[in-house]
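Peer 1: There's a structure below that I have some questions on.
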Amino acid sequence: MYERIREKLGILADAAKYDVSCSSSGSNRKNENKGIGDAEGTGICHTYTEDGRCVSLLKILLTNHCIFDCAFCVSRRSNDIKRAAFTVEEVVELTMNFYRRNYIEGLFLSSGIFKNADYTMERLVRIVKKLREEERFNGYIHLKTIPGASEELLHEAGLYADRMSINLEMPTERGLKLLAPEKSHAEVEKPLDYIQNSITKFESEKALIKSVPKFVPAGQSTQIVVGATPESDKEILYTANTFYQNFSLKRVYYSGYIPISYDARLPIIGSQPPLIRENRLYQADWLMRFYGFKVQEILNDLHPNLDADVDPKLSWALRNLDQFPVDINTGDYHMILRVPGIGVASALKIVQARKFGRLYENHLRKLGIAFRRARHFIRYADSPMQLKDYEAGHIKGVILAESKSKYQANPHNQLSLF
Amino acid sequence: MELYIFDGSLEGLLTAVFECYQRKSQVVKLVSEAHYVPDVFDAGHRVVSDFEKGKRVWKGLCHKLDKEWQLRFYKSFLSEQPEIFQHLLQFARYIIDQPAGASENFAHPDVLAISQMAQKVHREKHRMEAFVRFQKTADGIYYAHIEPDFDVLPLLPEHFQNRYADQRWIIYDLKRSYGLYYDLDKTEEIDLDTAPQMSIVNALPADLLDSKEELYSLLWQDYFKTTNIPARKNMRLHVRHVPRRYWKYLSEKQG
């Protein structure tokens, strides 16, 4: 009797897994009604799959029936695969029972588009409404915005969801048109804009009236597929940057394309997903969001792509050696933050600790900075005398020789012949 | 140097700090009863835990430490590591002797030791919040047992109580033989007479379980497998996030 539901979950979880967002943080929904669940504060990764990705939410499609035929998508109309659909009750039961056993932080619900946008969106809204109102569920809900859905439905969805997202899919309009002629970036921007405006409106009302309900408290995010079309890293990050600025997005996710089709426009099945490139893009994204870098500093016409062999922070430092060394004991916090091997937490500890006395090498090592990497770019109380300035190529060579990259010559999921 | 021996309790540790000042001791070495090896030449001073003395020291510390540092002090204590008692004593004396704000001096060995140990304990607490897997029993209680590296149970009630306000649950520490029980109203410490053993199949016997329990643990195992992308397989990253010693907690790793 379990077979039917097991098969459905198999199909609809498999189809949902290419959406990489798994964040369950940033909401402020407290359990105030003695109900079930609490989505306040930091998220929790309840487990990790064997590909090393976090599992925080039950990530499923309502159905993988779809009227569209986007070449990069596993649920595309022309793909010959098994189709299934959950009922509203099934999704609610699964979510509640997983949540009560502490398997998950909440639900990530998406769907293929059946009939039309509003019909699909209306079903999604019905599920989240039932969870919130009948089950008194206060856990995290990430709901996909269906492109083309009416503003009334988006508004209603926003009252129940913690986060909403809609994917750009390809970094440029040109790339999207190539693989999904029926779609455009404009139809992504419209709902992003509508929901962002509503968030701002609710927030300003909340300042005056305490009882204003929550509206998408964890904000919006989007996803860009990397490596399906030939855009440069610069085009990808500039698009991300524009969307961060124009729609106050909480996150842009970069998803290395996993070949799932024999379509001649796409990388063939069996080719390696661009995992290093994806990792470098995330590192660059972090530099923009937490380290005060402008996107133009990381990538520009001279450097349109990120280095594969070193991370973008080191790469920037090597291109800008004139700004180093930074004196740990007197340097500006923002400059210390830019030193390769020093993260946000260490930079804060450094500026706090140096008020009590000068910092020496042993202090820095104990504080937890990556000293062997950082030492080329800093001065401290007992730095060795240095007679000449080293050039970038030399420093890069030393750092690469001392560190073992997590990326081996052969990807570790590829069997070796010898 | 003077040797202080205390009973291993937080109250005892704070009393020891008090007595450093009362007895005008200079350099003090603090060990707990459990780790004390009697010495022929040095009888040592036995600290008798005293609620009033402990309270005065704690109040003094709270004047100079913000909420986060107060919690760090407590978390480090819960690590149960013998060397941390010495750091806590020295840290407390350092904070009391210096003007407020001294806890920001991360170059000071005791400040650094406490902040790093508190972080370790915090991570273990967070792992328990992530890796606890409840099983629903036939009488409707959600049950899980754990064997954490540090004594983190006292840090858990708030999180689980806020989250599972409408279900009864038990989290039991098999290593330290006590647990938490939430009865829909409050969380209390409990002892179980016959606690189950932590085993490779970390599960209660089937006859104790709710009839739907098998279905949901199966569905969870299915979900865990399907949501993986084989083309991205990366076991090193997997094991870094879920170290092997925690696999016994995780029903999805048993299938």
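Peer 1: Which net charge results when you count Lys and Arg as +1 and Asp and Glu as -1 among the other residues whose beta-carbon is under 10 Å from that of A:Ser111? Mind dumping the intermediate values first?
Peer 2: Details: positive: A:Arg123, A:Lys144; negative: none.
Surrounding charge for A:Ser111 is +2.
Peer 1: Still on this model: Do the sum for chain B: with -39,500 (n - 2.57) for every DSSP H run of n ≥ 4, divided by all residues, what is the mean residue ellipticity at 222 nm, to the nearest 500 deg cm²/dmol? Before the final figure, lay out each step's value.
Peer 2: Working: 8 runs with 106 residues, N = 255.
About -13000 deg cm²/dmol.
Peer 1: Arranged from highest to lowest average of other beta-carbon atoms within 10 Å per residue, in what order do the peptides A:33-46, A:230-243 appear?
Peer 2: Numbers: A:33-46: 17.9, A:230-243: 19.5.
The packing order, highest mean first, is A:230-243, A:33-46.
Peer 1: Take the eigenvalues of the Cα gyration tensor for the range A:227-334, scale each by 5, and report the square roots as semi-axes in whole Å, largest first.
Peer 2: Values: eigenvalues 186, 52, 27 Å².
After scaling each eigenvalue by five and taking roots: 30, 16, 12 Å.
Peer 1: Separate question: Just flag the chymotrypsin sites (Phe, Trp or Tyr not before Pro) in the range A:244-287 sitting in loop per DSSP whose Cβ has no more than 16 other Cβ atoms within 10 Å.
Peer 2: Details: sites: A:Tyr244, A:Phe247, A:Tyr253, A:Tyr254, A:Tyr257, A:Tyr262, A:Tyr282, A:Trp286; in loops: A:Tyr257, A:Tyr262.
Filter output for the range A:244-287: A:Tyr262.
Peer 1: Moving on. Work out the length of the dipole vector of the range A:296-400 about its Cα centre, built from +1 on the beta-carbon of each Lys and Arg and -1 on the beta-carbon of each Asp and Glu, and round it to the nearest 20 debye. Mind showing how you got there, number by number?
Peer 2: Details: 15 positive and 12 negative charges, 129 e Å.
About 620 debye.
Peer 1: Peptide B:128-140: average number of partner chain Cβ atoms within 10 Å per residue?
Peer 2: 3
Peer 1: Run lengths n ≥ 4 of DSSP H only: what is the helix-derived mean residue ellipticity at 222 nm for chain A, with -39500 (n - 2.57) per run over all residues, to the nearest 500?
Peer 2: Working: 15 runs with 157 residues, N = 418.
Value at 222 nm, helices only, nearest 500: -11000 deg cm²/dmol.
Peer 1: When all protein chains stay in place, what accessible area (Å², nearest 10, 1.4 Å probe) is found for A:Val344?
Peer 2: A:Val344 has an accessible surface of roughly 50 Å² with all protein chains in place.
Peer 1: With unit charges on the beta carbon (Lys/Arg positive, Asp/Glu negative), name the residue among B:Val239, B:Leu153, B:Tyr181 whose Cα is farthest towards the positive pole of the charge dipole of the range B:132-253.
Peer 2: My answer, from the dipole projection, is B:Val239.
Peer 1: In bins 10 Å wide, starting from 0, what share of all Cα pairs of chain B does each bin hold, as a percent?
Peer 2: 6, 24, 27, 21, 14, 6, 1
Peer 1: Could you give me the ³J(HN,Hα) list for the range A:392-402, computed from phi with Karplus coefficients 6.51, -1.76, 1.60 and θ = phi - 60°, whole Hz, x at Gly and Pro?
Peer 2: 3, x, 5, 4, 4, x, 4, 5, 5, 5, 7
Peer 1: Identify, among B:Ala16, B:Ile95, B:Ser79, the residue whose Cα sits farthest towards the positive end of the charge dipole of the range B:2-124, taking +1 on the Cβ of Lys and Arg and -1 on the Cβ of Asp and Glu, with the dipole about the Cα centre.
Peer 2: Comparing the listed Cα positions along the dipole, B:Ile95 ranks first.
Peer 1: What's the magnitude of the charge dipole for the protein assembly as shown around its Cα centre, counting Lys and Arg as +1 and Asp and Glu as -1 at the beta-carbon? Answer in Debye, nearest 20. Intermediate values should be presented prior to the final figure.
Peer 2: Numbers: 91 positive and 88 negative charges, 239 e Å.
Charge dipole of the protein assembly as shown: 1140 debye, to the nearest 20.
Peer 1: Can you run the Rg to Rh ratio on the range A:1-109? Use alpha carbon positions and the Kirkwood inverse-distance Rh. Please report the intermediate quantities before stating the final value.
Peer 2: Numbers: Rg = 15.3 Å, Rh = 15.3 Å.
That ratio equals 1.00.
Peer 1: Please report the relative contact order for chain A, taking Cα pairs under 8 Å with a sequence separation of at least 6, and give it as a percent rounded to a whole number.
Peer 2: 11
Peer 1: Give me the distance in nm between label points sitting 7 Å out from Cα along the Cα-to-Cβ direction at A:Thr330 and B:Glu2, one decimal.
Peer 2: Result for the modelled spin labels: 4.5 nm.
Peer 1: Please give the charge dipole size of the range B:2-124, origin at the Cα centre, charges +1 on K and R Cβ atoms and -1 on D and E Cβ atoms. Round to the nearest 20 debye. Don't jump to the answer; show the numbers that get you there.
Peer 2: On the way: 15 positive and 17 negative charges, 78 e Å.
It works out to roughly 380 debye.
Peer 1: Over chain B, what is the relative contact order in whole percent, taking alpha-carbon pairs under 8 Å and six or more residues apart?
Peer 2: Values: 339 pairs, mean separation 34.5, N = 255.
Once divided by the residue count of chain B, the mean separation gives 14 percent.
Peer 1: When the chain is fully extended, how far beyond the present Cα-Cα distance does A:Tyr119 get from A:Glu361, taking 0.36 nm per residue of separation? List each step's numbers first, then the result.
Peer 2: Values: separation 242, 0.36 × 242 = 87.12 nm, distance 6.35 nm.
Full-extension gain reported as 80.8 nm.
Peer 1: Next question, about the same structure. Give me the compactness ratio for the range A:238-293, meaning the Cα radius of gyration over 2.2 N^0.38 Å. Don't skip to the answer; put the middle values down first.
Peer 2: Details: Rg = 14.3 Å, N = 56, 2.2 N^0.38 = 10.2 Å.
After normalising by residue count via 2.2 N^0.38 Å, the value is 1.40.
Peer 1: Right, another one. For A:Arg77, which sequence-distant residues (separation of 5 or more, or a different chain) have an amide H within less than 5 Å of its own amide H, given hydrogens modelled in the peptide plane?
Peer 2: A:Phe68, A:Asp69, A:Cys70
Peer 1: What accessible area, summed over both chains, is buried at the A-B interface (1.4 Å probe, Å², nearest 100)? Intermediate results must be reported in sequence, preceding the final value.
Peer 2: On the way: alone 21450 and 15110 Å², together 31020 Å².
Separately minus together, A and B give about 5500 Å² buried.
Peer 1: Provide the per-residue ³J(HN,Hα) series for the range A:76-90, in order, calculated from phi with Karplus coefficients 6.51, -1.76, 1.60 and θ = phi - 60°, each as a whole number of Hz, with x at glycine and proline positions.
Peer 2: Each residue of the range A:76-90 in turn: 4, 3, 7, 7, 8, 10, 5, 10, 8, 8, 7, 8, 4, 4, 4 Hz.
Peer 1: Taking the Cβ of B:Thr137 as the centre, find all other residues whose Cβ is under 9 Å away and add up their charges (Lys, Arg: +1; Asp, Glu: -1).
Peer 2: -2
Peer 1: Then there is this: Please give the per residue accessible area of the range A:169-303, computed with a probe of 1.4 Å over protein heavy atoms only, in Å². Can you show the working numbers first?
Peer 2: Values: 6210 Å² over 135 residues.
It amounts to 46 Å² per residue over the range A:169-303.
Peer 1: Still on this structure, I have one more. List the residues of the range B:153-175 whose backbone N lies under 18 Å from a point placed 7 Å from the Cα of A:Glu40 along the Cα-to-Cβ direction.
Peer 2: Flagged as within label range: B:155-167.
Peer 1: If you take each beta carbon of peptide A:50-58 and count the beta carbons of other chains within 10 angstrom, what is the mean?
Peer 2: Numbers: counts 13, 11, 12, 8, 2, 6, 1, 0, 4.
Mean partner shielding for this stretch: 6.
Peer 1: Something else about it: Pairs of alpha-carbon atoms within less than 8 angstrom and 6+ residues apart define the contacts here; what relative contact order does the range B:132-253 have, in percent? Show your work: numbers first, answer last.
Peer 2: Details: 141 pairs, mean separation 32.0, N = 122.
Once normalised by length, the contact order is 26 percent.
Peer 1: Related question: Give me, ordered by chain and number, the residues 5 or more places off A:Val326 or on other chains with an amide H under 5 Å from its own placed amide H.
Peer 2: A:Ile378, A:Arg379
Peer 1: Once both labels are modelled 7 Å past Cα along the beta-carbon direction, what's the B:Gln98-A:Phe68 spacing in nm?
Peer 2: Label-label distance for B:Gln98 and A:Phe68, simple model: 5.7 nm.
Peer 1: Principal axis extents for the range B:2-124, Cα atoms only, whole Å, descending order, please.
Peer 2: Cα spread of the range B:2-124 along its principal axes, largest to smallest: 40, 31, 27 Å.
Peer 1: Which of the lysines could a cross-linker span from B:Lys67 if the Cα-Cα distance has to be under 17 Å and same-chain partners fewer than 8 positions apart are dropped?
Peer 2: B:Lys55, B:Lys59, B:Lys75
Peer 1: Okay, moving on. How much accessible area per residue does chain B have, counting only protein heavy atoms and a probe of 1.4 Å, in square angstrom? Intermediate results must be reported in sequence, preceding the final value.
Peer 2: On the way: 12360 Å² over 255 residues.
Here the residues of chain B average 48 Å² of exposed surface.
Peer 1: Same structure again: With each pseudo-label sitting 7 Å past Cα toward Cβ, what's the B:Ser9-A:His394 distance in nm, one decimal?
Peer 2: Going by the 7 Å Cα→Cβ label model, 6.4 nm.
Peer 1: Next up: Which of the trypsin sites (Lys or Arg not before Pro) found in the range B:1-57 are in a DSSP loop and have at most 13 neighbouring Cβ atoms, other than their own, within 10 Å?
Peer 2: Values: sites: B:Arg23, B:Lys24, B:Lys29, B:Arg46, B:Lys53, B:Lys55, B:Arg56; in loops: B:Arg23, B:Lys24.
Of the trypsin sites (Lys or Arg not before Pro), the ones in loops of the range B:1-57 whose Cβ has at most 13 other Cβ atoms within 10 Å are B:Arg23, B:Lys24.
Peer 1: In square nanometres, what is the average projected area of the Cα convex hull of the range A:312-402? Before the final figure, lay out each step's value.
Peer 2: On the way: hull surface 22.6 nm².
That works out to 5.7 nm², a quarter of the Cα hull's surface.
Peer 1: If you take the square roots of the eigenvalues of the alpha-carbon gyration tensor of the range A:101-187 and sort them as a ≥ b ≥ c, do you get rounded (a/c under 1.5), prolate (a/b over b/c) or oblate?
Peer 2: On the way: a/c = 2.66, a/b = 1.83, b/c = 1.45.
Prolate.
Peer 1: Per residue, how much space in cubic angstrom lies within the convex hull of the C-alpha atoms of the protein assembly as shown? It would help to have the intermediate numbers written out before the result.
Peer 2: Working: hull volume 142.8 nm³, N = 673.
It is 212 Å³ per residue.
The values are calculated or read from the model by the stated rules, or taken from the named source; none is laboratory data. Note that the structure is a prediction, hence the values are computed from the model and not measured. All Cβ positions, glycine included, derive from the backbone under ideal geometry; neighbour counts span all protein chains shown. We work out accessible area using only protein heavy atoms, side chains counted, and drop any ligands, DNA or RNA first. Shrake-Rupley method; radii C 1.70, N 1.55, O 1.52, S 1.80 Å.
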